[in-house]
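Note sheet for the following structure.
The values are calculated or read from the model by the stated rules, or taken from the named source; none is laboratory data. Computed from a predicted structure; not experimentally measured. All Cβ positions, even for glycine, are placed from backbone atoms using ideal geometry, and neighbour counts span all protein chains on display. These area figures cover heavy atoms from the full protein model, side chains too; ligands, DNA and RNA do not enter into them. Shrake-Rupley method; radii C 1.70, N 1.55, O 1.52, S 1.80 Å.
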Amino acid sequence: MTKSFYHFNPKTLTYEKVKLSFKHLFKRIAWVFASGVAFALVFVWIGFYFIDSPKVKVLEKENNELKDELEYLDHRLDVMSEALADIEDRDDNIYRNVFEADPVPSSERYPLLVEDTRYDSLSRSEANTLMRAANKKADQLTVRLAVQTRSLDTLEKIASSKAEMLAAIPAIRPLKNMYTITSGFGKRYHPILKTLRNHTGIDIAAPKGTPIYATADGTVSRDNPGSGYGICIVLNHGYSYQTLYAHMSKTAVKPGQKVKRGQLIGYVGSTGMSSGAHLHYEVIKNGQPVNPIYYFYIDITPEEYNSLLESSKKINQALS
Ligand SMILES: [Zn+2]
């Protein structure tokens, strides 16, 4: 059944049947259709923005969980960074102090890292900002760990060479039961030349045949310091140290032989320019004789040291 449309004619005061043209009809249909589409779009838009679908809800939940995980990861990185900072602090202020090494410069520990652009393409959402921050912290931790590992390697090397160096520095008395120094270091009267001369070592009077011990690790020198010293041994310790033991009755080691601190190297005598059985002992640093009294510190009590120090101060006649 087709609908009829009527139009009121005021002139004739009658309703006249109107014939709709095809164009008119089409316009009406198009208008109704467009309105329908517009309403549908408004509803879809409302639904899309204000009512979450179950899938969107699941994704949102996952996203929140990921953010929580990232925040936890960030917190763990902070904890690791604090632990590493504590190790770095101990390294600079304790270990390096003990081994007399300079602290690692902070520019080396905390280099200005080139800003990472790998994540720039990602959007700047909250989760991505957290991700970037965590990645930056992880990069810094990696660098700091590498620097710290290298620092500890260096300290290990210093520690082992330090032990070698300590063993090479004269540190014990060359004679056991040595409590007095017959003649000290410095200006002393020469017993034979009868003049005030620089005494380059200390004299310790002891019976002929008393054992003499190396005061540090070293090698027996092949050089002979001169006839005035009689039977004499010079030990090269390295690290610019030498020790000299003169007027021996005989030696117990050969030139070129390696010796350890405390090893027997010879016996007290009175060979060379000497006025009685004694050991003339010298410590030489960088080619210059230094006072050996400062190089007795391992096997000595404070009382024994004071006694040696007092006896070494007397300006008396050397035994040469
Ligand atoms: Zn002497």
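For K27, the lysines whose Cα falls under 17 Å of its own Cα, not counting residues fewer than eight places away in the same chain, are K3, K19. Here the simple spin-label model places points 7 Å from the Cα toward Cβ, and for Y49 and Q257 these points are separated by 10.1 nm.
Rolling a 1.4 angstrom probe over the protein heavy atoms with all chains in place gives the chain an accessible area of 65 Å² per residue.
Of the whole protein surface, W45 contributes about 140 Å² of accessible area at a 1.4 Å probe radius. Counting only protein heavy atoms and using a 1.4 Å probe, the accessible area of F185 comes to about 60 Å². Full extension of the chain between E108 and S275 yields a length gain of 53.8 nm, computed as 0.36 nm times the residue separation minus the alpha carbon distance. Here the simple spin-label model places points 7 Å from the Cα toward Cβ, and for V42 and N9 these points are separated by 4.0 nm. Placing a label point 7 Å from the Cα of S240 along the Cα-to-Cβ direction, the residues of region 275-291 with a backbone N closer than 16 Å are 283-291.
The modelled label-to-label distance for the pair T149/D89, using points 7 Å beyond Cα in the direction of Cβ, is 2.5 nm. Note that region 13-111 shows a convex hull volume over its alpha carbon atoms of 222 Å³ per residue.
With the convex hull constructed from alpha-carbon coordinates only, region 186-313 shows a mean projected area of 7.5 nm² over all directions. Counting only protein heavy atoms and a probe of 1.4 Å, the accessible surface of the chain is 61% carbon and sulfur. In the assembled protein chains, K260 presents an accessible area of approximately 130 Å² (probe radius 1.4 Å). Just check region 207-249 against the gyration tensor rule for me: Cα atoms, a ≥ b ≥ c as the square roots of the eigenvalues, rounded for a/c under 1.5, and otherwise prolate or oblate depending on whether a/b exceeds b/c. Because a/c hits 1.5 or more and a/b fails to exceed b/c, region 207-249 counts as oblate. Phi angles across region 135-147 convert, under the Karplus curve 6.51 cos²θ - 1.76 cosθ + 1.60 with θ = phi - 60°, into 3J(HN,Hα) values of 5, 5, 4, 5, 4, 5, 4, 4, 5, 4, 5, 5, 4 Hz, Gly and Pro given as x.
For the pair S160 and E303, a Förster radius of 30 Å applied to the C-beta separation gives a FRET efficiency near 0.30, rounded to the nearest 0.05.
Computed from phi, the 3J(HN,Hα) profile of region 206-223 under the Karplus parametrisation 6.51, -1.76, 1.60 (θ = phi - 60°) reads 7, x, 4, x, 5, x, 10, 10, 5, 8, 7, 5, x, 10, 5, 6, 8, 7 Hz, with x in place of Gly and Pro. Projecting the Cα atoms of T149, F39, S275 onto the charge dipole of the chain, computed from C-beta unit charges around the Cα centre, puts F39 farthest toward the positive end. Evaluated over region 54-168, the count of Lys pairs having alpha-carbon atoms less than 27 Å apart is 6 (only pairs 8 or more residues apart or interchain).
Report the one residue of Q257, I315, G287 whose Cα lies farthest in the direction of the positive end of the charge dipole of region 248-317 (charges on C-beta: Lys and Arg +1, Asp and Glu -1; origin at the Cα centre). Value: Q257. In a solvent-free Debye calculation with one equal scatterer on each Cα, what is log10 I(q)/I(0) for the chain at q = 0.06, 0.12, 0.14 Å⁻¹, listed in the order of the q values? Log10 I(q)/I(0), no solvent term: -0.52, -0.91, -1.06. Mind pulling the per residue volume of the convex hull built on the Cα atoms of region 125-179? Å³ is fine. Spread over its residues, the Cα hull of region 125-179 gives 85 Å³ apiece. Of the cross-linked pairs K187/K285; K187/K258; K260/K314, which ones have a Cα-Cα span greater than 29 Å in the structure shown? Check vs 29 Å cut-off fails for K187/K258; K260/K314. How big is region 156-197 by the Kirkwood estimate over distinct Cα pairs, in Å? Roughly 13.9 Å, rounded to one decimal.
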